[in-house]
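K.L.:
Got a structure for you, written out below as C-alpha cells; questions coming shortly.
Every number here is computed from the coordinates shown, using simple stated rules; none is lab data. Remember, it's a predicted structure, so these values are computed and weren't measured experimentally. All Cβ positions, even for glycine, are placed from backbone atoms using ideal geometry, and neighbour counts span all protein chains on display.
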Amino acid sequence: MGRFFKDKVFYEKLVRLTLPIAFQSLMLAAVAAADAIMLGRIEQDQMAAVSLATQVQFIQNMILTAATVAGSILGAQYYGKSDKDTINKIFAMMIRTVGVVSIAFAVACLCIPELLMKIFASDQNLINIGASYLRIAGWSYFITGIAECYLTIMKVTDHVFRSALISTVTVVINVILNSVFIFGLFGLPAMGAQGAALATLIARIIEIIWAIGSTYQRGFLKPKYSYLFRTFPGLRMDFIKVALPLLGGGLFWGVGFTSYTAIMGHLGSDAAAANSIAAVVRDLFCCMCNGISSAGGIMVGNELGAGKLDKGKEYGIRLAKISFVIGFLSTALVLLVTAPVVKFMILTDTARNYLIGMMVVMAIYMIGRCVNTIIINGIFSAGGDTMFDVYSLAVCMWGIAIPVAFLGAFVFHWPVVAVYACTCLDEVGKIPWVMLHFRKYKWVKDLTR
C-alpha cells in the first residue's frame, strides 16, 4: 500500500490531466444547470421541456462519442509511440464519421421537432416548448460534433489545458448569453426556452472557430485536410474494431438513458421537473469521475502503446481503487447538497417531494456510476477492451432496469420515486461483474501497428 501512494509521477500526471478535463466536464454540465435554474425561475414547464428536448442531442452525443473515444484510444497509443502522422489519419476518420451523424440530427431537429418531442412527453405544452427550442438548437448540433474532434486530438497530444480552456470560456459565454436571452436583458425581448437555444448556438460557433484557430499555433498538431479524402485500410479496420463496440455500448446506454427520461416524462410534469433537476445534479457530480476516466485512459493508453504492458496494468489497478474512493465521496456530497437544492428550486409541493426521494436514490447510484465510468470507459477502453460494455448494458440496463421501470410506471403504477429507483438499478448492480472482468486483464493490450 505504501508503494501505491509513493509513485509521484503517476499522481502528478493524473492530477495534471484530470483537473482540466474534469473542469471542462463541469463547465459543460454548468450549461444544463444554468438552463434549469434560469428557466426554473420563469416556469416549471419551461425547465422540464428543455431538459426533455436536450435528450435528442444526448443521443447524438452517444454516437459521436463512439468516434471521438475510438480516436482518443488509438490516438493515445500512437502518441505514446510518437507517431503523429497516424494521429492525423485518425483525426480524418473521426471528422468523416462525425460529420454524417451531425448533419442527420441537425436536419431532424429542424424539420420534425414536434415528432421528436412526442417521444419524450405527452403533455402538449411541453411538446410545444421543446419543439421551439429544437428549431434553434438544431443548428448547433452539426458544429458541436466537429469541434469535439478538434478538442479530442488536443487532449491526446498533451494540450489538455487548451481543450479545457476553450470549453470553459465558451461555457461562460453560453451562461452569460443565457441570462441575456432568457430574461430579456439590455432591452432585448425575453425569449425563455428559445433564448437558451440561441445562447447555445452562439457559444458553439465561438468554440469551433477557436478550436480550428488553435491548430495553426506552434506546438499544436495541424490536421492534414487532404486525409479527409483518403482511406487507410489497415488503420480503418483498427478504428472500426474499436469504434463499433463503443457505438453499440453508446447507443445501448444513450437510448437506454433516454428511455429513463421518457418514462419519467410520461409520468407528468411534476415528475419530469424533479427528474430534470436530479439529472443536472447527477451530471455535476459525475464530472470528477469523467475527468479521471479520460485522464486515466490516456495514461494507460500511453503506456500500452509504448509497449510497457506491466506499467499500464499497474496504472489500471491504481485507477480501479481510486474509482471506489471517488464513488463513496460522491455519495456523501449528494446527500449533503440535497436540502439546499430542494429549497432553492421553485417547484410544486409534489415535485419537491419527488426530488427529495430521487436525490437519496441517486446518492447510492453514484457509487456504481463512478466505479463503472472509470473502469469501463477509462481502463478497459484504453486497451481496446470495448465489447464488455455492450454485454453489461444489454444485461443490466436493457434486460433488467428498463423493463422493470417500464412495468413499474405503466403496468403496476408504482410511486414516481420507486420508478426512478428502477432506472438506477443497472449501475450499482453490475459492479461485481465489472470487477470480475477487470481481474482477467484482457484490457492489457498494445493496439498500435
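K.L.:
Exceeding 24 Å between C-alpha atoms, which entries from my cross-link table qualify? They are Lys8/Lys222; Lys84/Lys445; Lys155/Lys440; Lys13/Lys440; Lys8/Lys321.
P.N.:
Values: Lys8/Lys222 32 Å; Lys84/Lys445 20 Å; Lys155/Lys440 29 Å; Lys13/Lys440 26 Å; Lys8/Lys321 16 Å.
Cα-Cα > 24 Å for Lys8/Lys222; Lys155/Lys440; Lys13/Lys440; rest within.
K.L.:
Spin-label point model (7 Å from Cα, Cβ direction): what's the Ala339 to Leu228 distance in nm?
P.N.:
Taking the simple label geometry, Ala339 and Leu228 are separated by 5.6 nm.
K.L.:
Whole-Hz Karplus ³J(HN,Hα) for segment 125-142, in order, using 6.51 cos²θ - 1.76 cosθ + 1.60 and θ = phi - 60°, x for Gly and Pro?
P.N.:
5, 5, 4, 5, 5, x, 5, 5, 5, 5, 4, 9, 5, x, 5, 7, 5, 6
K.L.:
By per-residue mean of other Cβ atoms within 10 Å, what is the highest-first order of 82-94, 174-186?
P.N.:
Values: 82-94: 19.5, 174-186: 17.6.
In decreasing order of mean packing, 82-94, 174-186 become 82-94, 174-186.
K.L.:
Test of understanding: what is the full-extension gain from Tyr216 to Arg16, defined as 0.36 nm times their sequence separation minus their Cα-Cα distance?
P.N.:
Working: separation 200, 0.36 × 200 = 72.00 nm, distance 2.41 nm.
My answer for the length gained is 69.6 nm.
K.L.:
Relative to the first principal axis of the alpha-carbon coordinates of the chain, what is the inclination of helix 233-265, with its axis defined by its Cα atoms, in degrees from 0 to 90 and to the nearest 10?
P.N.:
Approximately 20 degrees, to the nearest ten.
K.L.:
Now a separate question. Select from Gly378, Thr168, Gly368 the residue farthest towards the positive end of the dipole of the chain; place +1 on Cβ of Lys and Arg, -1 on Cβ of Asp and Glu, and compute about the Cα centre.
P.N.:
Ranked along the dipole, the leading option is Gly378.
K.L.:
In a shell of Cβ-Cβ distance under 15 Å around Phe285, excluding Phe285 itself, what net charge do Lys and Arg (+1) and Asp and Glu (-1) give? Before the final figure, lay out the partial values.
P.N.:
Values: positive: Arg282, Arg369; negative: Asp283, Glu427.
Around Phe285, the surrounding residues sum to 0.
K.L.:
Follow-up question, since we're still on this one. What are the equivalent ellipsoid semi-axes of the chain, built from the alpha-carbon gyration tensor (square roots of five times its eigenvalues), in whole angstrom, biggest first?
P.N.:
The equivalent ellipsoid of the chain has semi-axes of 34, 26, 20 Å.
K.L.:
Given 0.36 nm per residue, what is the gain on full extension from Val180 to Val411 after removing their alpha carbon distance, in nm?
P.N.:
Details: separation 231, 0.36 × 231 = 83.16 nm, distance 4.42 nm.
Stretched out fully, the Val180 to Val411 stretch lengthens by 78.7 nm.
K.L.:
Apply the a/c threshold of 1.5 to the C-alpha gyration tensor of segment 345-428 and tell me whether it is rounded, prolate or oblate. Present the calculation step by step, with values, prior to reporting the outcome.
P.N.:
Working: a/c = 3.80, a/b = 1.72, b/c = 2.21.
Oblate, because a/c is 1.5 or more while a/b does not exceed b/c.
K.L.:
For helix 193-214, what angle does its Cα long axis make with the longest principal axis of the chain, in degrees from 0 to 90 and rounded to 10?
P.N.:
That helix lies at roughly 20 degrees to the long axis.
K.L.:
Please give the net charge around Asn302, taking every other residue with its beta carbon less than 10 angstrom from that of Asn302, where Lys and Arg add +1 and Asp and Glu add -1.
P.N.:
Details: positive: Lys13, Lys81, Lys308, Lys311; negative: Asp158, Glu303.
Summing Lys and Arg as +1 and Asp and Glu as -1 gives +2.
K.L.:
Name every cysteine in the chain that ends up alone, with no second cysteine's Cβ under 4.7 Å, or say none.
P.N.:
So far as the 4.7 Å Cβ criterion goes, Cys109, Cys111, Cys149, Cys286, Cys287, Cys396, Cys422, Cys424 stand without a partner in the chain.
K.L.:
Around Phe257, under 12 Å between beta carbons, what's the net of Lys plus Arg minus Asp minus Glu among the other residues?
P.N.:
Values: positive: Arg282, Arg369; negative: Asp283, Asp426, Glu427.
Once positives and negatives cancel, what remains is -1.
K.L.:
What's the Kirkwood radius of segment 219-339 in Å, using all Cα pairs?
P.N.:
Working: mean 1/r = 0.0543 Å⁻¹.
Kirkwood hydrodynamic radius for segment 219-339: 18.4 Å.
K.L.:
What angle, in degrees between 0 and 90 and rounded to the nearest 10, separates the Cα long axis of helix 8-42 from the longest principal axis of the Cα atoms of the chain?
P.N.:
That helix lies at roughly 20 degrees to the long axis.
K.L.:
Let's see if you can work this out: charge +1 on each Lys and Arg Cβ, -1 on each Asp and Glu Cβ, no other charges. What is the dipole magnitude of segment 2-438 about its Cα centre, in debye to the nearest 20?
P.N.:
On the way: 31 positive and 23 negative charges, 280 e Å.
For segment 2-438, the charge dipole is close to 1340 debye.
K.L.:
A further question follows. What nm distance separates the two modelled labels at Ala190 and Lys241, each placed 7 Å from Cα along Cα→Cβ?
P.N.:
5.9 nm
K.L.:
What translational diffusion coefficient, in µm²/s and rounded to a whole number, does the Stokes-Einstein relation yield for segment 63-152 at 10 °C and a viscosity of 1.306 mPa s, taking the hydrodynamic radius as the Kirkwood radius over Cα pairs?
P.N.:
Numbers: Rh = 14.6 Å.
Taking Rh from Cα pairs, D becomes 109 µm²/s.
K.L.:
Further question: From the residues Ile402, Pro340, Gly307, which one has its Cα farthest along the dipole of the chain in the positive direction, the dipole being from +1 and -1 charges on Cβ of Lys/Arg and Asp/Glu about the Cα centre?
P.N.:
Working it through, the farthest residue towards the positive pole turns out to be Gly307.
K.L.:
Assuming R0 = 30 Å, what is the FRET efficiency of Ser122 and Met435, from their Cβ-Cβ distance, to the nearest 0.05?
P.N.:
On the way: r = 40 Å, r/R0 = 1.34.
For Ser122 and Met435, the calculated efficiency is 0.15.
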